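*Asks:* Attaching a single structure in structure tokens format; questions to follow.
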Amino acid sequence: MPDSAFRCARIEPMSELILHHYPPSPVSEKIRLAMGLKDLAWRSVEQNRLPDRPELLAMTGGYRRIPVLQHGADIYCDTQVILDELEQRVPSPSLHPGGPGLAYGLSRWLDVEAFELGVRAAFAPVADTLPPALIADRTQLYFGPDGDMAREAADMPHTLAQLRAHLGWLEQRLAGGSGFLDAGQAGMTDLLAWYVFWFVRGRYVEAGSFLAEFPALGAWAERMERIGHGRPTDMTTAEALSAAKAVDPATAEAADALDPQGLVPGMAVDVAPMSRNDTEVAVSGTVRVVSRTRIAIARHDEACGDVVVHFPRVGYRVTRRD
């Protein structure tokens, strides 16, 4: 099924958008600013920093990353899918002022290599001052079972040299006179760069001196901050769980005759992030939607009832269980 047809089939009236996040989460900041860019009203469910999140894990089937977007009994995992879903539901103002497509490719740079450098800069120099459980979790999550934050601290000059070059590319783009990275208004490319910059600026202990050589980035950051986070109102984890249980999933079945894996609705599958750590579990269910960019699976949990959980294809492995 072509992605354009998938989009037309999926658009539905707006109701409550529920974002599961926590304030210091840099990846959540990307989505909070997207809410601001589109001036959306949304429900804010603050989750734990560590994956002791029973209500959310029931809805996602064990997916441990933050943020997660919820709309009734439809659950959206990973910011690729979340941003795509926001764009479908509220096309204007667009997240793609310069045209769609390229920003998703750029996300493989900014979300992976650039962000992991930011994680090293944020955590490694101060690891001995942070809660051991947090450091152990983030080390495993980002650097795998053989990760060593002390080793990362010793390697900081190399990390900063790499991060400096990445930020330099953004500086060059902004120094050319454009107010934003993609066009004359903020879009998804800016959101991708923003959360990396936001994290480094807020968490790297020597961020002031390190970022001083990037004045265009600094001015751009002021423009980004003015966008804000839209119009959030608080919601509890229990209320979010009840919201899922009270309705049926709205996602209709959709197939893709060109799918290279031969996935079809009704097929039993496991979906898991393609990561280096072993703290994440595969989410099991039956295919509801398959497209070039998305896989959505139906599943049931006594705590939340029937749900459909959406994942991107890029960065995730789908394994057939038949």
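*Asks:* For the chain, what is the calculated [θ] at 222 nm in deg cm²/dmol (nearest 500), taking -39500 (n - 2.57) for each run of four or more DSSP H residues and dividing by its residue count?
*Replies:* That calculation yields -12000 deg cm²/dmol at 222 nm.
*Asks:* Skipping prolines and chain starts, which residues have an amide H placed within reach, meaning under 5 Å, of the one on Trp42, given they are 5 or more residues away or on another chain?
*Replies:* It is Arg231, Thr233, by chain and number.
*Asks:* Considering every pair of different Cα atoms, what Kirkwood radius, in Å, is found for the chain?
*Replies:* Averaging 1/r across every pair of different Cα atoms and inverting gives 20.5 Å.
*Asks:* Using all alpha carbons of segment 143-246, what is the percent of pairwise distances in each 10 Å bin, ordered from the shortest bin to the longest?
*Replies:* P(r) for segment 143-246, in whole percents per bin: 12, 35, 23, 21, 9, 0.
*Asks:* Helix 215-225 against the longest principal axis of the chain: what's the angle in degrees, Cα atoms only, rounded to the nearest 10?
*Replies:* 40 degrees
*Asks:* Another one. Take the alpha carbon gyration tensor of segment 91-172, find the square roots of its eigenvalues, order them as a ≥ b ≥ c, and report rounded if a/c is under 1.5; if not, report prolate when a/b exceeds b/c, else oblate.
*Replies:* Cα axes put segment 91-172 in the prolate bin.
*Asks:* On to the next question. Show me, for segment 138-146, the HN-Hα J-couplings you get by feeding each phi into the Karplus relation (A = 6.51, B = -1.76, C = 1.60, θ = phi - 60°), rounded to Hz, glycine and proline as x.
*Replies:* Once θ is set to phi - 60°, the couplings for segment 138-146 become 5, 4, 5, 5, 9, 10, x, x, 9 Hz.
*Asks:* Hey, rough spin-label estimate for Glu253 and His300, points 7 angstrom out along Cα→Cβ, what's it come to in nanometres?
*Replies:* Label-label distance for Glu253 and His300, simple model: 1.7 nm.
*Asks:* A follow-up question, please. How much length is gained if the chain between Ala175 and Ala216 is pulled fully straight, taking 0.36 nm per residue apart and subtracting their Cα-Cα distance, in nm to one decimal?
*Replies:* Gain on extension, Ala175 to Ala216, equals 14.2 nm.
*Asks:* When a footprinting reagent is the concern and you count Cβ atoms within 10 Å, what order do Ile82, Ile297 take, fewest first?
*Replies:* The most exposed by this proxy come first: Ile82, Ile297.
*Asks:* What is the local net charge at Asp39, summed over the other residues whose Cβ is closer than 15 Å to its Cβ (Lys, Arg +1; Asp, Glu -1)?
*Replies:* In short, +4.
*Asks:* Taking the number of other C-beta atoms within 10 Å as the exposure measure, put His229, His20, His71, His300 in order starting with the fewest.
*Replies:* His300, His229, His71, His20
*Asks:* When Lys and Arg each count +1 and Asp and Glu each count -1, what net charge do the other residues less than 13 Å away from Val307, Cβ to Cβ, add up to?
*Replies:* My count for the surroundings of Val307 gives -3.
*Asks:* Right, next: Please give the length that would be gained between Glu225 and Ala41 if that part of the chain were fully extended, namely 0.36 nm times their separation in residues minus their C-alpha to C-alpha distance (nm, one decimal).
*Replies:* Roughly 64.5 nm would be gained on extension.
Bear in mind that the values in this text are calculations on the coordinates, not laboratory data. The structure displayed is predicted, hence computed values, not measured ones. Because the Cβ atoms are built from the backbone with ideal geometry, glycine has one as well, and the counts that use them run over all protein chains shown.
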